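To keep things clear, I will list the structure first and then write my remarks on it.
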Amino acid sequence: MSKPILAVVGRPNVGKSTFFNRIIGERKAIVQDTPGVTRDRIYAETEWNGREFAIIDTGGIEANTGDIILSQMREQAVTAMELADVILFMVDGKEGLTIADHDVADILRRTGKEVILVVNKVDNPGKLGDDIYDFYELGFGEPIAISSVNMLNMGDLLDAIVTGFPDDELYGYEDSTRIAIIGKPNVGKSSLVNALTNEKRVIVSPIAGTTRDSIDTPFSYNDKEYTLIDTAGLRRKSKVNDSIEHFSVIRAVASVERCDICIMMIDAAEGLTEQDKKILGIAHEAGKGLMIVVNKWDLVQKETNTMRDYERKLRADLRFVSYAPILFVSVLENRRVFDIIDKAAKIEDIRSRRITTGKLNSIIEDAVMMRQPPSDKGKRLKIYYASQIGSRPPLFSFNINSRRLMHFSYSRYLENKLREAYDFEGTSIKFLFNEKKGDN
């Protein structure tokens with residue numbers, strides 16, 4: 001299920017990045033007391049009272065500026081607002097209301113989105129001055145006073161944020177499998193959408209970066225409903241010079257977040273690149289269904305076992321997503337294109353699979369007998385009980401005596417045994433280890 005999105009906006013230097021870092025619990029955004037330090041939106045996921053959501057930190061908005069960088073930052077912030085379900089409008093309680101705040105408010109009113117007005121840098125709420133009431137002029141109701149540095153009143157703010165999100169059932173497409181087509185620019189993503197839908201619904205151009213936004217295209221195949229999400233290509237950071245390309249990266253990440261299955265497209269002639277691995281990592285960490293589609297196979301000079309050797313090399317380089325099937329297609333020549341959707345349907349069924357507790361524990365017991373769990377200082381890992389507690393992706397809970405003893409290698413061993421027993425092609429498997437208290 002897709003997570004709602006919160007965009008944090010405001011003029012430069014009001015404390016947006018400090019707030020962002022406090023919320024996600026790590027220093028992911030650069031914090032410096034200089035206007036304009038956060039030049040790109042930063043994206044992360046967090047939760048409050050069991051409600052998960054995504055948060056986008058933005059560069060400061062300067063509504064009227066001739067500075068190229070500040071203009072680009074403004075455009076990035078506007079893009080973030082378009083994606084957001086709730087917008088947090090941050091102002092500076094120490095500096096007071098400014099003309100720039102009014103300029104930002106004018107932009108926000110045009111979005112039609114839910115806006116929460118936050119007065120930051122209020123280190124002592126008990127001594128609020130009359131100046132805070134000036135912010136009512138912005139037209140967004142009662143402001144919430146906080147101090148990001150001292151974590152004052154953050155709970156009330158987070159309560160307001162999650163209350164403003166739409167209900168869970170409003171997310172996604174009913175009875176439709178959502179497929180995000182991801183990859184670097186010019187690998188054939190838009191051409192694939194057109195081939196599958198048999199009509200030119202997406203602009204196709206040999207110029208890299210034609211698709212700036214994520215475009216949703218619904219279609220039916222074999223009596224099933226699908227929604228294709230064609231994303232802008234993700235480029236290496238060093239090659240993202242055009243400001244619009246910055247917007248495309250966050251849209252692609254957001255598309256991965258709201259899809260069920262990711263189709264990672266690779267140019268057969270160019271081969272796998274480091275950027276491809278990073279893109280695959282985004283989908284893997286998000287727990288999405290995943291397949292790798294090698295496009296433009298018609299351009300590759302064929303010899304005996306060319307496809308087999310190509311796949312072996314991909315597998316060797318992509319061990320962290322060894323579960324992902326690899327398909328070789330030519331979108332231009334319409335070869336094996338619909339094999340992609342057949343495979344996506346199978347992956348979606350697999351991701352929804354449930355394993356009974358009895359069968360699961362039988363598999364784990366056999367695995368433990370075949371390979372003894374690790375030990376340290378005379379204490380050996382014990383696995384008492386396992387159960388499946390979630391799907392899409394499959395999530396398994398283990399009751400054990402010590403999380404410290406559950407080494408990564410043994411966890412991977414258990415995953416491999418589970419995959420040997422059941423077909424989990426195209427999906428990651430998540431493990432949750434719960435330590436039984438008081439066990440010696």
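The values are calculated or read from the model by the stated rules, or taken from the named source; none is laboratory data. The shown structure was predicted, so the numbers you read here are calculated from the model rather than taken from an experiment. All Cβ positions, even for glycine, are placed from backbone atoms using ideal geometry, and neighbour counts span all protein chains on display. Heads up: the accessible areas ignore ligands, DNA and RNA and are worked out on the full protein's heavy atoms, side chains in. Shrake-Rupley method; radii C 1.70, N 1.55, O 1.52, S 1.80 Å.
Overview of values
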quantity: In order through the stretch 154-164: 3J(HN,Hα) via Karplus (6.51 cos²θ - 1.76 cosθ + 1.60), integer Hz, x for Gly, Pro; calculated: 5, x, 4, 5, 5, 4, 5, 5, 5, 5, x
quantity: At R0 = 25 Å, FRET efficiency that the Cβ-Cβ distance of LYS377 and ARG412 yields, to 0.05; calculated: 0.60
quantity: Under-21-angstrom lysine pairs by C-alpha in the stretch 337-421, whenever the two are 8 or more apart or on separate chains; calculated: 4
quantity: Using a Förster distance of 60 Å, the FRET efficiency for ASP167-GLN301 (Cβ separation, nearest 0.05); calculated: 0.65
quantity: Rounded if a/c under 1.5, otherwise prolate or oblate - the stretch 355-433, Cα gyration tensor axes; calculated: prolate
quantity: Chain lengthening between ARG392 and TRP48 when straightened (0.36 nm per residue, less Cα-Cα); calculated: 121.7 nm
quantity: Computed label-point distance, nm, for sites ASP339 and ARG308 using a 7 Å Cα→Cβ extension; calculated: 1.6 nm
quantity: Cβ-Cβ FRET estimate between PHE320 and GLU225, R0 fixed at 30 Å, reported to 0.05; calculated: 0.45
quantity: Distance in nm between pseudo-label sites at VAL149 and ALA421 (7 Å out along the Cβ direction from Cα); calculated: 5.5 nm
quantity: Listed pairs LYS224/LYS278; LYS184/LYS278; LYS313/LYS430; LYS3/LYS436 exceeding 20 Å between Cα atoms; calculated: LYS224/LYS278; LYS313/LYS430; LYS3/LYS436
quantity: SER391 - accessible surface, heavy atoms, 1.4 Å probe, Å² rounded to 10; calculated: 40 Å²
quantity: Area of GLU47 that stays accessible when all protein chains are in place (1.4 Å probe, Å², to 10); calculated: 100 Å²
quantity: Accessible heavy-atom area order of PHE396, PHE433, highest first, probe of 1.4 Å; calculated: PHE433, PHE396
quantity: For VAL149, residues with placed amide H under 5 Å, excluding near neighbours; calculated: LYS121
quantity: In Hz, Karplus ³J(HN,Hα) per residue of the stretch 345-359 (6.51, -1.76, 1.60; θ = phi - 60°; x = Gly, Pro); calculated: 4, 5, 4, 4, 5, 5, 5, 8, 5, 10, 9, 5, 4, x, 5
